[in-house]
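Everything below concerns the one structure shown next.
Laboratory data are not the source of any read-out in this text; all were calculated from the coordinates shown. Keep in mind that what you see is a predicted model, and the values were worked out from it rather than measured. Please note: Cβ atoms are built from the backbone with ideal geometry, for glycine as well, and neighbour counts cover all protein chains shown.
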Amino acid sequence: MPATSALLEIHDLSVYYGGIRALHGVSLRVERGEIVAVIGANGAGKSTLMKTIAAVKSYQNGTIFFEGQPLPKDTHKVVTSGITLVPEGRRIFAPLSVRENLLVGAYTRSNRQDLEKNMEEVFQLFPRLKERIHQRGGTLSGGEQQMLAVGRALMSQPKLLMLDEPSLGLAPIVIDAMFETIVRLNRDLGLTILLVEQNASLALELCHRAYVLKTGEIVMEGTGKDLLEDPRVRASYLGIK
Ligand SMILES: Nc1ncnc2c1ncn2[C@@H]1O[C@H](COP(=O)(O)OP(=O)(O)O)[C@@H](O)[C@H]1O
Ligand SMILES: [Mg+2]
C-alpha cells in the first residue's frame, strides 16, 4: 500500500526494452495541486516514464498507485482513472479538424453532456484554436499543434495532466506562452501536472518540485528553486559553470 496520500505514487519502478534497462528503481510522488518536473538529458528515460504511467509501455518491477489505488495496466483505463498524457511530438491527427481533434480527446468520457462547454473552456485558454476550429490539424504551426494537444488532453477532464517535452521544437516566444498556460492551468484551475523536459531551466522555474533522471535512475530531487541553485544541476543541466 502507498505510504502517503499522494495523488500519484511510484515505487521502485524498473522498465526494460528487451534486455536494455531504461528505468531502474524509480520512485517518485506527485501531490494534489503540484507541478512536478522530471528533468534529464536525451535518453535518460523521461518518455519511458511517461509511457509507463500511461500504460503504453509495460513494466517489469515496481508499483504505481493513483489516488491510493493500483493504477490499471490498460491505456484506456488509465485515462478513465484520470491521467492523460500529452505525448512527445504532440501526435495530433493531421487530417482531422481542430474541433474533431478535441472531440477525440473526449472519447473515454461517459458524461458527454458538457462537451461543448468544455470545448469553450479550451478555447478560452487557447483563443487561437477557436479561430482555427475548422482547420486541419496538420496545417497548424508547431505552437498551435502543442495547444491542440494540450486542449485535446483537457477534453478528457484529467486529474493529472502529463506533458512530455512541451517545449520541444518551439520558438522561445511560443515556449513562454505555453509555460504561462501550464502555470495558469495549475494555479487557476487547480490541475495537477507532471512534466518532463530537457529544457531544465524552464521546467525548474515553474515547478514546485523536481526530480533529476540520469540513465534511468533518479539521482536528485528537491524544490525547483533548490535544484536551480544546485551547483551539480547548474553544471550538468543548465550549462552554467
Ligand atoms: N522503443 C524502444 N526500443 C528500444 N529502446 C528504447 C525504445 N524507446 C526508448 N529506448 C531507449 O530507452 C532509453 C530511454 O529513452 P527515452 O525514455 O525515450 O528517453 P528520453 O525521453 O529521456 O529522451 C534510451 O536509451 C532509449 O534508447
Ligand atoms: Mg523523450
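Order of 199-207, 135-143 by packing, highest average Cβ count within 10 Å first? Please report the intermediate quantities before stating the final value.
Numbers: 199-207: 21.3, 135-143: 15.9.
In descending order of packing, they fall as 199-207, 135-143.
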Inverse mean reciprocal Cα-Cα distance (Kirkwood Rh) of region 24-96, Å: 13.8
Solvent-free Debye scattering, log10 I(q)/I(0), computed from the Cα coordinates of the chain at q = 0.11, 0.18 Å⁻¹: -0.55, -1.45
So, with +1 on the Cβ of K and R and -1 on the Cβ of D and E, and no other charges, what is the size of the charge dipole of region 59-131 about its Cα centre, to the nearest 20 debye? 140
Please name which of Leu189, Leu227, Gly40 has its Cα lying farthest along the dipole of the chain towards the positive end, using unit charges on Cβ (Lys, Arg +1; Asp, Glu -1) and the Cα centre as origin. Gly40
Place a +1 charge on the Cβ of each Lys and Arg in the chain and a -1 charge on the Cβ of each Asp and Glu, then give the dipole magnitude about the Cα centre in debye, rounded to the nearest 20. 500
Could you give the dipole magnitude of region 160-230 about its Cα centre, charging the beta-carbon of Lys and Arg +1 and that of Asp and Glu -1, in debye to the nearest 20? 180
By counting other Cβ atoms within 10 Å of each Cβ, how are Asp74, Asp226 ranked from fewest to most? Asp74, Asp226
Would you order Ile133, Ile10 from fewest to most other beta-carbon atoms within 10 Å of each residue's own beta-carbon? Ile133, Ile10
Sort Glu9, Glu180 so that the residue with the fewest other Cβ atoms within 10 Å of its own Cβ comes first and the one with the most comes last. Glu180, Glu9
